[in-house]
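**Q** Structure incoming, see below.
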Amino acid sequence: MTFAWYGHLKLQEERISTSWPLILIILFSWGIALFEYMCQVPANRLGFIGNGGPFSLIQLKVIQEVISLIVFTVITTLLFKGETFHWNHIAACFCLVAAVYLVFLK
């Protein structure tokens, strides 16, 4: 979802989509999101404990959020050169790792 939500900003920055109407940008983002959902929905179905998988719904959500934030950090750092990674971002990443640890405690 990160690229679907923020990728169009890079296209605008590169002057690729500056003349696109908003509806075209929305459709472009929905197209990317559709592909991502086609991966995420089966992963949730297979991973959910109610379907024989190893994870509870809360665990699946925490995993999804951490993956999304990692992908967001990588995309932001690589594609948007004006964005910088500060100490508080690193501290937040450690908090996310702690959240994953805590959600998997029995």
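The values are calculated or read from the model by the stated rules, or taken from the named source; none is laboratory data. The model shown is predicted, which means the values in this text are computed figures rather than measured ones. Heads up, the Cβs are rebuilt from the backbone with ideal geometry, glycines too, and the neighbour counts pull from every protein chain shown.
**Q** Which numbered condition trips up TYR37, out of (1) over 23 Å from VAL97 (Cα atoms); (2) of a type outside the set (Val, Ile, Thr); (3) assigned to a loop (DSSP other than H, G, I, E, B)?
**A** (3)
**Q** In contact (Cβ under 8 Å) with a residue 12 or more places away in the chain, loosely packed, with under 14 Cβ neighbours inside 10 Å and in a helix (DSSP H, G or I): is that true of ILE32 in this structure?
**A** Values: in contact (Cβ under 8 Å) with a residue 12 or more places away in the chain: yes; loosely packed, with under 14 Cβ neighbours inside 10 Å: no; in a helix (DSSP H, G or I): yes.
Considered against the rule, which asks whether it is in contact (Cβ under 8 Å) with a residue 12 or more places away in the chain, loosely packed, with under 14 Cβ neighbours inside 10 Å and in a helix (DSSP H, G or I), ILE32 comes out as no.
**Q** Quick one: which of SER68, SER56 is touching a residue at least 60 places away in the same chain (Cβ under 8 Å), touching a helix residue (DSSP H, G or I) at 6+ places or on another chain (Cβ under 9 Å) and closer than 30 Å to LEU105 by Cα?
**A** Going through SER68, SER56 in turn, just one is touching a residue at least 60 places away in the same chain (Cβ under 8 Å), touching a helix residue (DSSP H, G or I) at 6+ places or on another chain (Cβ under 9 Å) and closer than 30 Å to LEU105 by Cα: SER68.
**Q** Taking the options ILE25, ILE75, name whichever one is at pLDDT below 85 and either touching a His at 6+ places or on another chain (Cβ under 9 Å) or surrounded by 15 or more Cβ atoms within 10 Å (Cβ to Cβ) (or both).
**A** None of the other options fit; the residue is ILE75.
**Q** State whether the residues of region 66-86 include one that is part of a helix (DSSP H, G or I) and over 17 Å from the mean Cα position of the chain (by Cα).
**A** Checked against the condition, which is being part of a helix (DSSP H, G or I) and over 17 Å from the mean Cα position of the chain (by Cα), region 66-86 yields no hits at all.
**Q** I've got another one for you. Go through region 37-53 and report how many residues are loosely packed, with under 14 Cβ neighbours inside 10 Å and touching a helix residue (DSSP H, G or I) at 6+ places or on another chain (Cβ under 7 Å).
**A** So the answer is 2.
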